[in-house]
């Protein structure tokens, strides 16, 4: 006879079950499965669990069904990950069994004359799984962070990259149209919101839209409300994340934080997106890491821009007014970081039940 939820928790099995990667079947049998949140998660929000940790748990990168089970055991309602063609039948069966949503992920070629076959294979797999979109980002220069203010030494350098990146997207859109799966292009610390909108307007296809990350363009001193409102007419997917800020000697620190503890109202921002696209899923991406340094007081930061300097004074004044304590993860042991990533996602899924259900 299955034990009660209370006895299950007291037995110590709960701690064992959730210490690494839980067995969904055991959780269901023992009555420990949490309610399903409307929120799902991007793989990047559980990147440590995809990689795994020696002595704690095997990574799930090569087993998307196990990852799906893991997310559901935390309370998640969907996932945004890449699934290879060989895993499609098994993944689809489990997805339907669990009643979860799925959004794909596809890597764009790194060069305009590159191989578009892997991108098409990812889109085709996403279509077979019922996805309406695939997350995509323009590939940054090799061996770079992809953050515009770190990856480019001049505006001309960035402009050359942008011209090729936009050409790649143009060549990918017919592939998306062929399989009837939209490209959800993330604002990925590469284009300003105006530059992103200009691309979407110019290509003007229902199979190219935006994946809105409300936090990323804060590194460009653009407010989340500005980013979300501008990109909402094209929104296909999102990466919900509350953001905290604090000053430091060269600019400001920017960090993903637990929802409703930072300076952004995710429920309100998601409401703007859902009004524009009622079919959008609320996907989260709380990355458990140290704050990012955004050195807006340095010349190097501004080298790849031609219009950010007038924003600095007012932005840093806002940072001083809105600053909060930010999480520092690097001081924790690897096992502690691993557990913190899990706990952060549990709390975010619970937030979704309270705010979006």
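The values are calculated or read from the model by the stated rules, or taken from the named source; none is laboratory data. Bear in mind that the values here come from a model prediction, so they are computed numbers and not experimental data. Every residue, glycine among them, receives a Cβ derived from its backbone with ideal geometry; neighbour counts consider all protein chains shown.
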- Task: Quick one: count up the residues across segment 123-144 that are surrounded by 20 or more Cβ atoms within 10 Å (Cβ to Cβ) and part of a helix (DSSP H, G or I).
- Result: 3
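Yes or no, residue by residue, for (1) closer than 25 Å to residue 223 by Cα; (2) not in a strand (DSSP E or B):
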site	(1), (2)
146	yes, yes
170	no, yes
175	no, yes
178	no, yes
199	yes, yes
206	no, yes
209	yes, no
- Message: On the basis of being over 29 Å from residue 354 (Cα atoms), outside any helix (DSSP H, G or I), in contact with a strand residue (DSSP E or B) (Cβ under 8 Å, 6 or more places away or on another chain) and modelled with pLDDT of 95 or more, does residue 252 make the cut?
- Response: yes
- Counting only residues that are assigned to a helix (DSSP H, G or I) and in contact with a helix residue (DSSP H, G or I) (Cβ under 9 Å, 6 or more places away or on another chain), which one in segment 300-311 is surrounded by the fewest Cβ atoms within 10 Å (Cβ to Cβ)? 300
- How many residues does segment 238-256 contain that are out of contact with any helix residue (DSSP H, G or I) (no Cβ under 9 Å at 6 or more places or on another chain) and surrounded by 17 or more Cβ atoms within 10 Å (Cβ to Cβ)? 1
- Return yes when residue 123 is touching a helix residue (DSSP H, G or I) at 6+ places or on another chain (Cβ under 6 Å), within 30 Å of residue 35 (Cα to Cα) and touching a residue at least 24 places away in the same chain (Cβ under 8 Å) and no when it is not. no
- Message: Taking the criterion of being modelled with pLDDT under 95, part of a helix (DSSP H, G or I) and surrounded by fewer than 20 Cβ atoms within 10 Å (Cβ to Cβ), would at least one residue in segment 314-334 satisfy it?
- Response: yes
- When restricted to 260, 204, the only residue surrounded by fewer than 20 Cβ atoms within 10 Å (Cβ to Cβ), at positive phi and touching a residue at least 60 places away in the same chain (Cβ under 8 Å) is 260
- Item | Residue satisfying condition, being closer than 19 Å to residue 216 by Cα, modelled with pLDDT of 95 or more and buried (at least 17 other Cβ atoms within 10 Å of the Cβ), within set 297, 292 | 292
- Message: With the structure loaded, tell me whether residue 309 is closer than 27 Å to residue 221 by Cα, touching a strand residue (DSSP E or B) at 6+ places or on another chain (Cβ under 7 Å) and modelled with pLDDT of 95 or more or whether it fails that test.
- Response: no
- Message: Which of the helices (runs of 4 or more DSSP H) found entirely inside segment 27-103 contain at least 1 residues meeting this: in contact (Cβ under 8 Å) with a residue 24 or more places away in the chain, buried (at least 21 other Cβ atoms within 10 Å of the Cβ) and under 17 Å from the mean Cα position of the chain (by Cα)?
- Response: 47-51, 64-74
